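First comes the structure, then the notes that go with it.
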Amino acid sequence: MPLTALYDLPAPAKLNLFLHVIGRRDDGYHLLQSVFALIDWADTLHLERREDGQLIRHDLGPALPADDLCLKAARLLQTESGCPHGADISIDKQVPWGAGLGGGSSDAATVLIGLNRLWALNWPRERLLALGARLGADVPFFIGSQNAFVEGIGERLTPVALAPQFLAVLKPPQPLATAAIFSSPLLTRNTDPVIVAGFLADAKALAESEQGAVNATAGTVRGFAGHNDLQRAAEGLCPEVAEVGRWLQARFGNSRMTGSGSAVYARAGAGERPVATMLEGDWPEGWVGRMCRSLDVHPLAGWLG
């Protein structure tokens, strides 16, 4: 029997372990280098097949824009595949937007992965990756389903293994627009490029010096190498970003902004439990936060060949 619905599909967020702006293309797009890490803070989507070809979104939490990236993803897949089916797309939105956590891109990727199965298209991962690149720079990462060293404008992915860790993530009320950050005079645009092998070696050396022993396998990223070139510009637009950073620094001894949004995170430990933690109510009113675990792979990684 054909599938008629898929429920409880996760759309996990990501963190940027670093984000360097290394130049700009002739068309104005900035060239980036970053490591994207999946975390277990996620939205949940439900997909139900329609036979009338309509694509309808239902917001189970906060109201999303009328024509959001999920609907654009579903429409693109429907058009490119010639599929006659439609879908009801229900979204339980938990990951805050304007945070640099990639929530909207992850939702779109989960829609593509889920509808590929619900509509029995059985497209391979490479074909969905091409669609994702047309939707946004972060979408291919979530379709790729692995933590990755990211280059270009986000389209060049090199899978990397990330050491499991706990991460404390906090966001102030104000979201940040990516365009405003990239147009800021405070933005650094000429960080020297790094190579994957060099980054892995530096991160491994940092881990060994921090832990006092060699406990990272070859090719595993551990530690806090690099920086976020967007953070200074973001703090100029939203001083609360710096305030969140100071709050995390005082509690965990480290902090860094993720992506181009206003969320800041801190390493909270590895192993079975964090060395320090935080609970809702610990932080000022209006902030949103969560203790997160890193993920080895996307929960839907096995759905694509």
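Brief remarks follow.
- Close amide H partners of residue 259, meaning residues 5 or more places away or on another chain with modelled amide H under 5 Å apart, are 16.
- Working note: Karplus 6.51/-1.76/1.60 with θ = phi - 60° gives the stretch 154-170 the couplings x, 8, 9, 10, 10, x, 9, 8, 10, 5, x, 7, 9, 9, 9, 10, 9 Hz, where Gly and Pro are set to x.
- Close amide H contacts of residue 161 (hydrogens built in the peptide plane, cut-off under 5 Å, sequence separation of 5 or more or a different chain): 221.
- 3J(HN,Hα) along the stretch 68-76, derived from phi through the Karplus expression 6.51 cos²θ - 1.76 cosθ + 1.60 where θ = phi - 60°, amounts to 7, 5, 5, 5, 5, 5, 5, 5, 5 Hz, with x in place of Gly and Pro.
- On Cα atoms only, tilt of 196-211 relative to the major axis of the chain in degrees: 50 degrees
- When the chain is treated as a Gaussian network with alpha carbon springs shorter than 10 Å, the biggest mean-square fluctuation among 136, 23, 82 belongs to 82.
- Semi-axes of the equivalent ellipsoid for the stretch 5-160, Cα gyration tensor, largest first, Å: 26, 17, 14
- Value at 222 nm in deg cm²/dmol, rounded to 500, when DSSP H runs of n ≥ 4 in the chain each add -39,500 (n - 2.57): -8500 deg cm²/dmol
- Label sites at residue 56 and residue 88, each approximated as a point 7 angstrom past Cα along Cα to Cβ, lie 0.7 nm apart.
- Within a Gaussian network of the chain (alpha carbon springs, distance under 10 Å), most fluctuating of 155, 48, 280: 280
- Most mobile listed residue (139, 275, 35) in the chain, GNM with C-alpha springs under 10 Å: 275
- Taking amide H atoms as placed 1.01 Å from N in the peptide plane, the amide H of residue 269 lies under 5 Å from those of 166, 275, each 5 or more residues away in sequence or on another chain.
- DSSP loop trypsin sites (Lys or Arg not before Pro) with at most 13 other Cβ within 10 Å excluded, longest remaining stretch of the chain: 26-188
Only the coordinates and a few stated rules stand behind these numbers; no lab work does. All of these numbers come straight from a predicted model, not from anything done at the bench. Here the Cβ is made from the backbone with ideal geometry for all residues, glycine too, and neighbour counts use every protein chain on show.
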